[in-house]
Amino acid sequence: MLTTYDLDEYVLAAVRAGASGFLLKDAPPEDMLAAIRTVHAGDAVLAASTTRRVLDQLLERLPPAVDPGAARAVGGLTAREREVLEAIARGWSNAEIAERLTVSAGTVKTHVSSVLAKLGLRDRVQAVVFAYESGLVRPGRT
């Protein structure tokens, strides 16, 4: 597709309709010829500005890289300890965790200590990082 409009909805519509290329009309002639040759060879072409946006959107949708060792370690926690670790990663205080899990603040402190000990972590900051690395929580998910 050759177009003047560098709009994401046009790219998606063109790809859905079967286009193998999306190029802007202001592309230099040599880029247009190269794109035609590339598509003719069976590959696909996107304008550079379009490619950057598509990659950025794809990156937002991909799951983050997960540390397999961290993921296995989370498996060694009890269900309640996993809930507490997730709550820590969400930035909840002990009082908020206690209220949401309907347990006492002392019980939360016990669970936090247990999580830190089982995972070999020094503090809540390390617990937050670990929760993300293990895939227990993901950015932007509540």
> Within the stretch 82-97, can one find any residue that is in contact with a Lys or Arg (Cβ under 6 Å, 6 or more places away or on another chain) and either closer than 18 Å to SER134 by Cα or hydrophobic (A, V, I, L, M, F, W, C) (or both)?
Replying inline: yes
>> Among the residues in the stretch 45-58, are any in contact (Cβ under 8 Å) with a residue 40 or more places away in the chain and of a type in the set (A, V, I, L, M, F, W, C)?
In response: yes
> Inside the stretch 108-138, can you point out the residues that are in contact (Cβ under 8 Å) with a residue 60 or more places away in the chain and over 10 Å from ALA89 (Cα atoms)?
Replying inline: GLU133, SER134, GLY135
>> It is to be established whether one or more residues within the stretch 48-63 are of a type outside the set (Lys, Arg) and in contact with a strand residue (DSSP E or B) (Cβ under 7 Å, 6 or more places away or on another chain).
In response: yes
> For the stretch 1-43, how many residues are touching a helix residue (DSSP H, G or I) at 6+ places or on another chain (Cβ under 7 Å) and among the small types (Gly, Ala, Ser)?
Replying inline: 2
> Of (1) in a helix (DSSP H, G or I); (2) more than 28 Å from the chain's Cα centre (by Cα), LEU23 satisfies all except one. Which?
Replying inline: (1)
> Mind checking which residues of the stretch 15-26 are in contact (Cβ under 8 Å) with a residue 12 or more places away in the chain and either within 11 Å of LEU46 (Cα to Cα) or outside the structural domain of THR50 (by TED's automatic domain parsing) (or both)?
Replying inline: ALA19, SER20, GLY21, PHE22, LEU23, LEU24
> Can you name every residue in the stretch 53-63 that is of a type in the set (Lys, Arg) and surrounded by 11 or more Cβ atoms within 10 Å (Cβ to Cβ)?
Replying inline: ARG53
> List, please: which pairs have Cβ atoms under 6 Å, are six or more places apart or on different chains, and start with a residue in the stretch 66-84 that is more than 14 Å from ILE97 (Cβ to Cβ) and end with one that is polar (S, T, N, Q)?
Replying inline: ALA70/SER134; ALA71/SER134; VAL74/SER134
> Which residues, taken from the stretch 19-46, are exposed (fewer than 11 other Cβ atoms within 10 Å of the Cβ) and within 20 Å of GLN57 (Cα to Cα)?
Replying inline: none
>> touching an Asp or Glu at 6+ places or on another chain (Cβ under 8 Å) and on the phi < 0 side of the Ramachandran plot: is that true of LYS118 in this structure?
In response: yes
> Is it the case that LEU2 is out of contact with any strand residue (DSSP E or B) (no Cβ under 9 Å at 6 or more places or on another chain), surrounded by 11 or more Cβ atoms within 10 Å (Cβ to Cβ) and among the aliphatic types (A, V, I, L, M)?
Replying inline: no
>> So ALA89 passes all but one of these: (1) without any contact (Cβ under 8 Å) to a residue 24 or more places away in the chain; (2) under 25 Å from the mean Cα position of the chain (by Cα). Which condition number does it fail?
In response: (1)
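The values are calculated or read from the model by the stated rules, or taken from the named source; none is laboratory data. Please read these numbers as outputs of a predicted model, since none were measured by experiment. FYI the Cβ positions are ideal-geometry reconstructions off the backbone, even for glycines, and counts take in every protein chain you see.
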